[in-house]
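Novice: Dropping the structure in here first, questions after.
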Amino acid sequence: MVALVPSEVLAAPPSREDGIDEDSEDQLRRFGAHLIQRAGVLLRLPQLTVVAAAALFQRFYFRKSFAEFEVRVLAMAAVTLASKLQEHPRKVVEVIQVFYRLKMREVEEEDGSASYAGKPTPLLDPTKKEFHDAKKELLSAERNILRELGFEVNLLLDHPHRYAIEYIEHLQRPAELAQKVWNYLNDSLQTSLCCSHQPQNIAGASLVLASKDLGVNLPSKPPWWETFGVQIKDAELIASEMEGLYLKKAPEYFEVPRRKKEVFEPMTPCPSPPPCGPAKSPSDEEDHVDEGETALSRQDSTIDYERLAEVIAESETDFAKCPAGSPPGEELKETQEKQEARPDHHDRGERAKDRRKRDRVSESCSQSPVKRKSVKKAPEASRKGKDGKESRRERERRSKRSNSSESRKKKR
């Protein structure tokens, strides 16, 4: 089962919004599919790859309008993408050159004759700007196909050609019937049947048309459509649509005016400049006081002269009690200095210890590395006396050690 295009989208495709009517859209669809088939022949692609490209082409235009993507560009992108999906990749340069040659074959003279009839068509110079523009448009269209179809395009490429081959092999009918069914399926690529019907029903419709043309009877007991899981009513409806395709004229290309790109306004437009002057905080607004209230407060704030006279009198009495020549508070400073100059015995000892530690650290830092080693060996040197001779205790200890070691050796 293949995911089909919803019925409401089939009834109103996106091209209707750009003023493209149903007949014009049908003509553009047939032209694009026919162009893909011709390019597949020149590129020597398998038919299933061409079928995949046509299916991508038809499905994409139910997502986007013909006014947004040009038919030739999208056909190039569909062929390029389908060749990758079906593991028959073709170079982008080859695809561009093939579609350019097909375009040049449509060029006509003033009298209506083809300009390159019976002549080799020219190739596009890869160094020109036209080639680089075509490559850029092709790659952009390829990305759009993948994005619009959800990047899971392999799930949408279940072709009716595979079912038709299985039907003919199972029925064991002549090769002419198989070729006729194949031709009908190739012609159905010019329609949008792959977007609205399941592939097994399309294969059943082509089998019905081919059997009618060749007069080949299909088994009815049991019915062949039940054996193959084909809905016969749907197959008959598809067959009638395919027959109507042969009543139409050959598709011709016509240029569709491109949709103008919409210019979106910024989501956050620039705000108007703030008014001149310093900004105010919310606290300023809350603490705002009217001018009338400030005037009243200034009038009410009077000086207490009585309290001021009392403070001055107190300061004068304190100044009179102080000895002559010394400002107030000088005695307190002198007592503090005397206390600091005469610390207690404990503090004096602590300070002396700290001073000795600092002196030792400074001496060790100032000495060279050789001297530091000698300082470490000082305890060993202190064992000797001032004359450099060992003391009496050290000689006794050494003799005891030697005697004990000799006694141990004898015991062993």
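Results for (1) in a helix (DSSP H, G or I); (2) modelled with pLDDT of 90 or more; (3) over 38 Å from the mean Cα position of the chain (by Cα), shown as yes or no for each residue.
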site: 112; (1), (2), (3): no, no, yes
site: 117; (1), (2), (3): no, no, yes
site: 131; (1), (2), (3): yes, yes, no
site: 147; (1), (2), (3): yes, yes, no
site: 179; (1), (2), (3): yes, yes, yes
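Novice: Among residues belonging to region 236-259 that are part of a loop (DSSP other than H, G, I, E, B) and of a type in the set (A, V, I, L, M), point out the one that is farthest from residue 204 (Cα to Cα).
Specialist: 256
Novice: Condition (residue is part of a helix (DSSP H, G or I) and more than 24 Å from residue 256 (Cβ to Cβ)) applied to region 4-27: is it met by at least one residue?
Specialist: Looking for residues that are part of a helix (DSSP H, G or I) and more than 24 Å from residue 256 (Cβ to Cβ), one finds at least one in region 4-27, hence yes.
Novice: Just checking, does region 13-23 include any residue being surrounded by fewer than 16 Cβ atoms within 10 Å (Cβ to Cβ) and in contact with a Phe, Trp or Tyr (Cβ under 9 Å, 6 or more places away or on another chain)?
Specialist: Yes, that holds for at least one residue.
Novice: State which residue pairs qualify: first residue free of Cβ contacts under 8 Å to residues at least 24 places away in the same chain and inside region 304-315, second residue surrounded by 10 or more Cβ atoms within 10 Å (Cβ to Cβ) in any location, beta carbons under 9 Å apart, and separation of 6 or more residues or different chains.
Specialist: Within 9 Å, the pairs are 315/328.
Novice: State yes or no: is residue 78 within 22 Å of residue 154 (Cα to Cα), assigned to a helix (DSSP H, G or I), touching a residue at least 60 places away in the same chain (Cβ under 8 Å) and hydrophobic (A, V, I, L, M, F, W, C)?
Specialist: Yes: the conditions hold for residue 78.
Novice: Still on this structure, I have one more. Within the set of pairs 6+ apart or on separate chains, which have a first residue in region 81-103 that is within 11 Å of residue 40 (Cα to Cα), a second that is surrounded by 16 or more Cβ atoms within 10 Å (Cβ to Cβ) and basic (Lys, Arg), and C-beta atoms under 8 Å apart?
Specialist: Hits for this filter: 83/90; 99/72.
Novice: May I ask you to list the residues in region 188-232 that are assigned to a helix (DSSP H, G or I) and surrounded by fewer than 16 Cβ atoms within 10 Å (Cβ to Cβ)?
Specialist: Once the filter is applied, which keeps residues that are assigned to a helix (DSSP H, G or I) and surrounded by fewer than 16 Cβ atoms within 10 Å (Cβ to Cβ), region 188-232 yields 212, 213, 214, 226, 227, 232.
The values are calculated or read from the model by the stated rules, or taken from the named source; none is laboratory data. Note that this is a predicted model, so its numbers are computed, not measured. With ideal geometry, Cβ positions are generated from the backbone for all residues, glycine too; neighbour counts draw on all protein chains shown.
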